Structures are given as structure tokens and as C-alpha cells.
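One structure below.
The values are calculated or read from the model by the stated rules, or taken from the named source; none is laboratory data. What you see is a predicted model; the values in this text were computed from it and never measured. Glycine gets a Cβ as well: all are built from the backbone with ideal geometry, and neighbour counts include every protein chain shown. Accessible surface areas use protein heavy atoms only, side chains included; no ligands, DNA or RNA. Shrake-Rupley method; radii C 1.70, N 1.55, O 1.52, S 1.80 Å.
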Amino acid sequence: MNSQNDFLNQLSQKLGQLTKDDKAKYFMVKVDQVSVSNQDKDVFRVRGTRTDTGQLVYVQSKKSSSGQNLPVVGGLMRADKVSRQPVAGKPEVNLYKAEYFLAYLKNELCLHAIVQPQFPRRNQQTGMDSADVTAFDLETNVQTIEMADVLTSIDQVLLKMLKPWESTTPSALTHDLKGDAIWSPQGNLGATPKVVLRVPGVPQSKWVTGIGAVKVDDNNYRAPTDAEILAVIARNTGLNQFKVALADVPAEKMAGHTMVMVPAASFAVGRDSLQNEKYLGIKEAFNWTDRENTAADEKPRVSRGCKAAFVQLKFAATGRMMVTDVHPSVASRLTKGIPESRVEIQMREASENAPQAQHSPQAAPQAASADRKPSPQPTQQHVESSQPARHPQQSERATAEAVREAPAPRQQQQASSQRHIEKAPPESAAAVPTQFDSESAAGVMPDGGLGFDDEMLSDLDAIERMNQQSTSEYEFGQYGEDDIGDLLHEADQKFAARQLLPSMG
């Protein structure tokens with residue numbers, strides 16, 4: 001009976017989540033085809049994969065008068081204010097219309113992580129404003145160190161963490177959603193690696209800030225050396241406070257206590273995007289209002305909280321990395337502070353379950369297993385080594401505990417990184433979208449290595465006819481029922497020819 005109830009509960013939850021996904025008002029699409037209208041070159045349709053669900057989708061939208069970029073093949077597109085468009089007789093076809101969109105070009109980055117934007121601050125000497133967006137990796141490259149080893153070993157662990165350009169494990173802070181590397185081996189202007197130091201049970205946390213790039217002259221910069229990073233670590237006030245607090249504590253009292261080190265990075269907001277914080281499309285989504293600690297006659301204090309978001313990173317002509325857009329992720333909950341990392345959740349649950357394990361013979365093996373409690377042997381450990389497999393986009397989905405929300409896990413990012421290594425299509429081919437005509441509908445663009453079969457042709461024909469009905473001022477496609485036979489023959493020929501070409505994977 002229990003297993004049956006578990007199955008029914010899981011089925012109900014899954015169906016409920018799929019319904020929420022389908023009704024999402026905005027989502028991200030990895031673009032593999034772009035087609036434009038024959039009648040209006042600002043109207044286009046994208047075919048691609050939703051990054052949160054893995055579904056094949058078609059999204060139709062229109063450029064605004066502000067000179068937006070069209071999406072490009074191999075890039076990303078965020079579809080906003082989305083509404084599903086039913087296709088008669090084809091419920092499996094996922095067609096949407098988006099009132100607004102944002103295209104991430106191939107030379108731009110789309111970071112997806114838990115982020116915390118900072119309020120703009122003014123430099124009193126220059127009179128100029130600036131702001132940062134800090135992102136956190138709560139899933140993949142979190143490290144731990146035994147308290148007894150903090151005085152002797154932590155500097156070397158921090159040195160490795162403050163060089164994300166050398167990381168061998170892809171994470172939300174090393175690669176973007178396309179699989180492109182965020183950090184350059186030559187250093188990153190406008191980006192600064194950081195580490196958050198936390199001890200479970202101690203409310204205070206400390207920050208260690210590294211170096212993103214070292215300026216050589218007005219036109220050149222380089223990555224910092226180990227000696228330069230170690231010098232910065234040695235001067236860090238928060239770390240030194242930890243060391244002073246531990247200096248007189250006997251080793252036996254520190255036994256069993258662990259420090260957690262959470263990777264983070266701050267990215268500078270571009271000056272053009274900073275005015276009125278226009279880079280925050282939904283500014284209120286990141287404002288945490290502290291009503292509980294506010295007197296009745298006082299105005300509640302507002303601070304910037306943490307929330308999963310998509311962050312658009314561009315590069316200035318000087319090579320400086322800058323934030324130009326931050327948009328909250330679907331169903332992401334706002335937290336006042338940095339949420340628990342996955343390893344902290346494991347440690348807390350292991351501690352909570354410890355009394356039960358002592359009284360339950362069946363629970364004892366679980367308490368001793370590696371996935372319930374970090375091993376005290378190594379000085380540091382990767383979180384992913386003890387993690388069960390999770391859904392590639394679980395971070396986008398709301399959970400009952402807000403602190404458990406985290407960026408996309410390692411499985412998805414490793415796959416993205418592998419795709420990035422493979423040979424990409426020529427830039428010229430990706431930059432020129434097709435048109436909404438019979439040729440493009442018959443399958444000129446790649447279809448994930450499968451080609452357009454009869455069913456897909458029927459789907460696309462239904463989509464074209466639906467578009468003609470729902471958007472009368474535009475003509476999408478120029479073929480009808482009588483042309484399907486010719487299109488099938490043409491598609492078969494092109495599919496056969498396409499099999500001779502190298503596969504993109």
C-alpha cells in the first residue's frame with residue numbers, strides 16, 4: 001500500500017509540475033532554427049529546446065522598434081509573456097507566442113545561477129555609480145575542510161577555488177547555458193571570483209575575494225599569479241578572524257566540525273544598464289522586505305535577496321565583462337540570505353537523522369554511508385562525488401524549502417560543455433535565418449539528426465495554417481494541402497543528403 005501511495009503521489013506531483021511548466025510565462029530556449037516572415041522581417045519563429053524541460057518548442061515573436069537582435073542558431077532566446085497556441089489535432093506540438101523576447105548571441109554569455117544584485121553605490125572620489133551582481137554555485141564545486149585543518153591548509157584550498165578558469169568540473173559559475181566557458185585563462189576584467197566561508201551552526205559568514213585580472217597597461221591585462229592570489233588571501237580580514245578565533249581552541253574540541261566553502265563570483269553591471277537599474281527587468285523580484293523586525297511606526301527595511309536568475313553577460317570593446325540583463329528564473333523563491341548548499345543540506349539532514357539511526361538497526365547503514373555525511377578523511381571534497389542524479393533543470397522548480405533551491409546541477413552542465421567542444425556550424429550559416437516558405441518548412445534546417453518525416457511535415461503544416469488564422473496581417477508559408485506530396489518528396493531527398501554530412505550530436 002505504501003509503495004502504491006508513493007507511486008500515486010509521485011505521479012500527481014509530476015503531472016502538476018508539467019502543468020506548471022506548460023503555463024510558464026517565460027522560459028529559455030536553445031535555438032537550432034530561426035525563420036522570418038515573408039511579409040514582415042521583424043516577425044520570426046524559433047525552433048529549439050527549452051532548457052528547463054528539454055522539450056522541443058516553437059516560439060513566435062516580433063522585434064520591437066528598439067532595434068533588438070534576432071535570435072541566432074546556436075544562441076539562446078528568453079521568451080517572455082508567453083502564451084501557448086493550440087494546434088488543431090496536434091496537442092503534442094508545443095507552439096507558443098511571446099510578446100517580448102531577449103536574444104543571447106553566440107558571443108554573449110547566459111549565466112544561470114542563484115544571484116544577489118547589489119544596490120548601486122557611489123564613489124565619492126569620482127562621483128560615479130557602480131553595482132555588482134553576485135552569483136553562487138551551491139551545487140557542484142562546494143568544498144569542505146575540517147576545522148582542525150583551517151589554520152594549516154585553508155589557504156591552498158582557497159587558492160584553487162579562486163582560480164575558476166582552471167576548474168575541471170563544469171558548474172553554474174564556470175560555463176553558461178550554451179556550454180561556453182565564462183572565465184578566460186588570460187583573466188577577466190569586470191568579474192571577480194569569491195568564496196563564502198560558513199560553519200554549520202555559526203550564524204556569521206565571511207567572504208574571501210580573489211582577483212579577476214591584473215592590468216598590465218591601458219590595453220592589456222593578465223590572469224593573476226598564485227603568489228598574488230595568496231597575498232590577497234593572507235590579507236583577508238574575515239579569514240584572519242576565523243584563524244584568530246580558532247588559534248586557542250584545542251584540536252579535540254574542533255573534532256567533528258567542518259567549514260564549508262561556497263564558490264561565488266561578482267560581475268560588474270555595465271554603465272549603460274545601470275541607470276535606474278534598468279538591467280533588472282523585475283526589480284521588485286529581488287527586494288527582500290524585512291517586516292518581521294520592523295516596528296509598527298517604522299518603514300520596513302529593504303535589502304537585496306537571493307534568487308535563481310538568468311544573467312546576460314556581454315563584453316565591451318576593451319574586453320571587460322559586464323552585466324546587461326538579469327531576469328528571475330521560473331518559479332524561483334526569494335531568500336534573504338545565501339541558501340544552503342547541497343553539502344550543507346546533507347550535513348544538516350545527517351545530523352537530524354543521527355538520533356534515529358542510533359535506535360533503528362535499519363537506519364544505521366545509511367548513517368554511515370557516503371551520501372549521508374561527508375567523509376572526515378580528505379581535506380576537501382567535491383559535492384558531486386556523493387550526489388544522486390537529479391533532473392537537469394531541477395533548480396528552476398520551486399521546492400517546499402526555499403533554501404534548497406540551487407542552480408542547474410552538474411549533469412546538464414557537463415553535457416553542455418561537451419557540446420561546446422564539438423565542431424560548431426559556420427558563423428555565416430548561423431547568422432542568416434530562413435524564411436517562412438515551403439522550402440524552410442520542408443526541412444532545410446537540421447532537425448537534431450532525425451530529419452522531417454511525414455508526421456513532422458503534418459505538424460508544421462498545421463502550425464503554418466494556425467499562424468495564418470491567428471495572425472491575419474502576416475503570411476507564414478505558401479503551401480497548402482495539394483503541395484504536401486511534392487514537399488514530402490523534396491524532404492526525403494534533402495534528408496538523404498543530410499545523412500552524408502557530419503552529425504552535430
For region 207-335: rounded, prolate or oblate by the Cα gyration tensor [a/c cutoff 1.5]: oblate
Relative contact order computed over region 26-80 (Cα-Cα under 8 Å; 6+ residues apart), in percent: 44 percent
Tensor-based shape of region 115-241 (alpha-carbon gyration tensor, a/c under 1.5 rounded, otherwise prolate or oblate): rounded
Region 6-136 shape via C-alpha gyration tensor axes, a/c threshold 1.5: oblate
Stretchable slack from A247 to Q204, in nm (0.36 nm times residue separation minus alpha-carbon distance): 13.7 nm
R0 of 60 Å, Cβ-Cβ distance D180-D297: FRET efficiency to nearest 0.05: 0.70
Share of carbon and sulfur in the accessible heavy-atom surface of region 128-282 [1.4 Å probe, %]: 50 percent
Nonlocal amide H pairs with V43, under 5 Å, H built at 1.01 Å: S37, K63
Pairs of alpha carbons in region 283-334 whose separation is greater than 19 Å (percent): 48 percent
At R0 = 25 Å, FRET efficiency that the Cβ-Cβ distance of N220 and K106 yields, to 0.05: 0.50
